[in-house]
Each structure stands twice: as structure tokens, then as C-alpha cells.
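The values are calculated or read from the model by the stated rules, or taken from the named source; none is laboratory data. What you are looking at is a predicted structure, and each value in this text was computed from that prediction instead of being measured. Here the Cβ is made from the backbone with ideal geometry for all residues, glycine too, and neighbour counts use every protein chain on show. We work out accessible area using only protein heavy atoms, side chains counted, and drop any ligands, DNA or RNA first. Shrake-Rupley method; radii C 1.70, N 1.55, O 1.52, S 1.80 Å.
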Amino acid sequence: MAWFKKQRKPIEPQDKQSRVPEGLWVKCPSCAQIIYNKDLWASLSVCTKCAHHFRISAAERLRTLFDGAWEEHDRGLQSTDPLAFTDVKPYRKRLDASMAATGLNDAVITATGQVDGVDTVIAAMEYGFIGGSMGVVVGEKITRAIERAIAGRMPVIIVSCSGGARMMEGALSLMQMAKISGALARLDRAKLPYISVLTDPTTGGVTASFAMLGDVNIAEPKALIGFAGPRVIEQTIRQKLPDGFQTSEFLLEHGMLDMVVDRREMKDVIARVLRFSVPRREVPVETERTVPAEIGR
Ligand SMILES: [Zn+2]
């Protein structure tokens with residue numbers, strides 16, 4: 001028998017409903033500045049006070065790079081769950097949830113459009129889809145995008161935003177590293193440029209394959225870029241890692257990247273790279289050099 005009984009009901013929690021409408025303002029996780037959503041949209045999701053780069057979706061990424069409309073390719077490709085894999089929940093359920101959340105069928109959008117007037121193929125990875133992981137569909141879509149670029153004599157840009165290979169597809173996901181790298185080698189032999197853009201985060205099998213294979217490797221500021229996580233490395237080599245390890249700036253200093261570029265300047269920088277690496281089509285190619293007769297003698 002209890003000594004006493006609680007008679008009163010616990011105090012009701014106060015009505016905590018915010019008077020600020022949802023989604024109108026965003027708080028910067030870096031400097032705590034409250035930013036009006038429209039302002040954030042206008043600055044390409046970069047904090048206007050501290051230049052913190054918010055993570056953006058694949059579709060938003062294409063909007064920041066293409067001049068206008070783009071044509072999407074292979075939208076219908078879907079994973080068949082080849083291993084019928086289940087961890088804490090079935091892989092099939094994870095796929096369905098990600099499809100519903102992002103409106104995409106897998107973790108990459110591949111598209112053709114113009115960047116500063118140059119016909120370009122862009123593959124942008126979607127972190128919202130199982131951590132932007134690279135499975136069979138991502139590998140196939142990127143490979144097809146590169147092959148399309150070779151056929152149409154176009155440069156390729158791949159924007160990485162990924163936790164690495166998709167473990168739910170086992171060895172099949174790892175094979176995509178070789179498949180995409182092989183396609184990039186063919187692009188190279190066709191003398192077409194490949195620009196790799198590394199955003200936060202670019203890790204695992206993506207870093208270990210195509211993200212580091214660009215003719216020019218450009219990263220966004222303060223992005224996490226690495227293969228294994230810092231804790232795993234510390235445990236393996238039994239050494240303390242230096243400060244800022246695996247950030248864009250650290251990698252630039254150690255020769256792993258060519259440039260670290262603010263998202264707001266990214267398109268201009270890419271346009272400049274394209275200008276010196278892709279011959280302009282409208283300029284007629286000089287077939288014969290005409291040497292004045294006097295000089296010829
Ligand atoms: Zn900020």
C-alpha cells in the first residue's frame with residue numbers, strides 16, 4: 001500500500017506554439033544569426049554574416065550552376081534491392097522513405113544544360129537520399145551522363161555530396177567506383193574536361209574514386225572531405241590528428257585540391273575553367289594558316 005497518493009494532475013505544459021510562421025526564418029548553425037528565408041535563397045544558401053554554407057539539394061545545386069532550364073536524364077532508374085538487404089529495417093523501406101522525402105528515385109540528378117553558354121553535363125548528388133550514398137543507380141546514372149558527354153563533346157561537372165558507397169548494395173556499390181573511373185578515363189581520352197566540385201560532406205568511396213579525379217578539383221569552404229572518419233584513423237595510426245584535418249582548407253594546403261571557392265562565386269569560377277578548356281563552337285576553327293608571301297620567302 002502506498003503512503004500517499006498523488007491527487008493533483010501535473011501542471012499542463014504552457015502553450016508553446018510559436019507566433020513565428022514555420023520556415024520563414026532560419027538560424028545559422030555557425031553564428032546563430034537569424035536569416036530571412038528569402039535572403040538565404042538569394043545568397044544561394046550561404047549565411048550573409050559568416051559565410052556558413054548550408055547544405056542544398058541536388059535540384060537547388062543545378063539551379064545555382066545552369067544558366068536556365070536543363071534537361072534531366074534517366075530519372076526513372078531505381079534500385080532493385082539486389083541483395084534483399086535488411087539491417088535495422090529493410091533496405092526497400094529505406095528506399096521508399098527516401099523517394100517520398102526527396103521526390104527522386106535515387107541519390108543523384110544528371111542533366112544537360114548550359115553553363116555560361118557552354119553545353120555541359122552536370123551530375124549533382126542528393127544528400128537527402130540515404131546520405132547521398134553511391135549505389136548501383138548512382139553509378140549507372142553518372143556513367144551514362146559521362147558517356148552522353150563523350151557522344152556530344154561536352155564537359156562534365158560532378159558535384160559530390162555523399163557519405164560514400166551504399167553498404168546496402170554490398171560489393172555492387174563498390175564496383176561503381178571502378179565503373180565511373182573507367183568512364184572518366186574514356187572522357188579524358190576524348191580530351192574533354194571534368195570538373196569535380198566537392199561539397200560538405202564528400203567521404204568514403206566517392207572521395208576514393210571520382211571526386212578526386214577531376215582535371216580541376218574545387219571544394220566549397222569548410223567542407224568535410226576524407227576517406228575514413230577521423231576517429232577510425234586515430235585508432236588505426238595511434239596518433240592525434242592535426243586541427244582542421246579533413247576540411248577543404250587543410251586539403252588545399254596539402255595539395256589535394258586546386259581551389260576552395262565560395263558557392264556564390266562557384267559558377268563564375270567554373271565558367272572561367274570552361275572558357276579555357278572548351279573550344280567555343282561559334283568561333284570558326286582556322287584550318288589553314290595563311291602566311292603572307294613576304295614572310296614566306
Ligand atoms: Zn552565419
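May I ask for the net charge around THR112, where only other residues with Cβ less than 9 Å from the Cβ of THR112 are counted and Lys, Arg are +1 while Asp, Glu are -1? That works out to -2.
Below 8 Å between Cα atoms, with a sequence gap of 6+, how large is the relative contact order for the chain in percent? Here the relative contact order equals 12 percent.
When the chain is described by a simple charge dipole with +1 on each Lys and Arg Cβ and -1 on each Asp and Glu Cβ, the residue from TRP70, VAL197, PHE227 located farthest towards its positive end is PHE227. Scanning the chain for cysteines with no neighbouring cysteine C-beta under 4.7 angstrom from their C-beta gives CYS161. Placing a pseudo-label 7 Å from each Cα along the Cα-to-Cβ vector at ALA97 and MET256 gives an inter-label distance of 3.0 nm. Taking the square roots of five times each eigenvalue of the Cα gyration tensor of the chain, the equivalent ellipsoid has semi-axes of 43, 24, 21 Å, listed largest first. Here the chain is treated with +1 on each Lys and Arg Cβ and -1 on each Asp and Glu Cβ, and its dipole about the Cα centre works out to around 1140 debye.
Using a 1.4 angstrom probe on heavy atoms only, work out the carbon and sulfur share of the accessible area of the chain in %. Result for the chain: 55 percent of the exposed heavy-atom area is carbon or sulfur.
Each residue, ARG55 and PHE276, gets one label point 7 Å from its Cα in the Cβ direction; the gap between the two is 3.4 nm. Near PRO242, once Lys and Arg are set to +1 and Asp and Glu to -1 for all other residues with Cβ below 13 Å from its Cβ, the sum equals -3. For the peptides 248-260, 198-210, the ranking by packing is 198-210, 248-260, with the highest mean count of neighbouring Cβ atoms within 10 Å listed first. At a probe radius of 1.4 angstrom, the accessible area of the chain per residue rounds to 59 square angstrom. With the dipole of the chain worked out from charges on the C-beta (+1 for Lys and Arg, -1 for Asp and Glu) around the Cα centre, which of LEU83, ALA149, GLN114 lies farthest toward the positive end? Working it through, the farthest residue towards the positive pole turns out to be LEU83. Packing around the peptides 172-178, 273-279, 221-227, taken as the average count of other Cβ atoms within 10 Å per residue, puts them in this order, highest first: 221-227, 172-178, 273-279. Charge tally for PRO221 (other residues, Cβ to Cβ under 10 Å; Lys, Arg +1; Asp, Glu -1): -2.
A straight line joining the Cα centroids of segment 120-139 and segment 63-89 runs 6 Å. Where only DSSP H runs of four or more residues are counted, the chain gives -10000 deg cm²/dmol as its mean residue ellipticity at 222 nm, each run worth -39500 (n - 2.57).
Shape class for segment 157-230: oblate, because the ratio a/c of the largest to smallest gyration tensor axis (alpha-carbon atoms, square roots of eigenvalues) is 1.5 or more and b/c is at least a/b. Judged by the gyration tensor of its Cα atoms, with axes a ≥ b ≥ c, segment 1-136 is oblate; a/c meets the 1.5 cut and b/c is at least as large as a/b. Between the listed residues TRP25, ILE11, LEU184, the Cα displaced farthest toward the positive end of the dipole of the chain, a dipole computed from Cβ unit charges relative to the Cα centre, is found at ILE11. Is the shape of segment 115-199 rounded, prolate or oblate, going by the alpha carbon gyration tensor and its root eigenvalues a ≥ b ≥ c, with a/c under 1.5 for rounded and a/b larger than b/c for prolate? Oblate, since a/c reaches 1.5 and b/c is not below a/b. Put a dot 7 Å past the Cα of CYS31, heading toward its Cβ, do the same for ALA69, and the two dots end up 3.8 nm apart.
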